[in-house]
């Protein structure tokens with residue numbers, strides 16, 4: 001549950017997680033850069049909008065995903081992004097998230113994922129705007145329900 005949408009943390013230490021965090025298992029021989037691309041893609045405006053549609057909204061404006069709902073979140077995973085580019089963006093996005101800069105992290109994710117498309121920046125801007133509107137509606141409904 002959170003206000004910023006779902007994220008995927010790559011647990012390289014193999015630590016256990018609490019029951020408030022859903023665990024994801026990748027296929028056994030999936031390369032690390034593909035796992036990082038999945039984590040990045042989940043932060044894109046495209047996937048965050050998808051998450052808004054499949055998740056449950058609660059009165060406090062929080063968005064929650066049960067495992068079966070989370071499986072329905074759409075990802076865009078272009079195959080033309082280089083390993084180096086994925087690594088560079090992954091580290092930059094990780095730093096932004098640790099600093100609490102969620103919107104900037106999402107914009108970087110859009111930048112790398114949609115850079116493989118023609119006019120990718122334009123499409124990412126449109127999606128980012130749509131995401132802001134969808135989240136605004138979720139949070140606005142909280143105020144209407146509460147009085």
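The values are calculated or read from the model by the stated rules, or taken from the named source; none is laboratory data. Everything quoted here is computed from the prediction, not taken from an experiment. Note that we place each Cβ from the backbone using ideal geometry, even for glycine, and neighbour counts take in every protein chain shown.
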Just the residues that are modelled with pLDDT under 75 and part of a helix (DSSP H, G or I), please, taken from region 93-130. 120, 121, 122, 123, 124
Scan region 44-78 for residues that are without any contact (Cβ under 8 Å) to a residue 60 or more places away in the chain, surrounded by 13 or more Cβ atoms within 10 Å (Cβ to Cβ) and part of a helix (DSSP H, G or I) and jot them down. 47, 50, 51, 54, 69
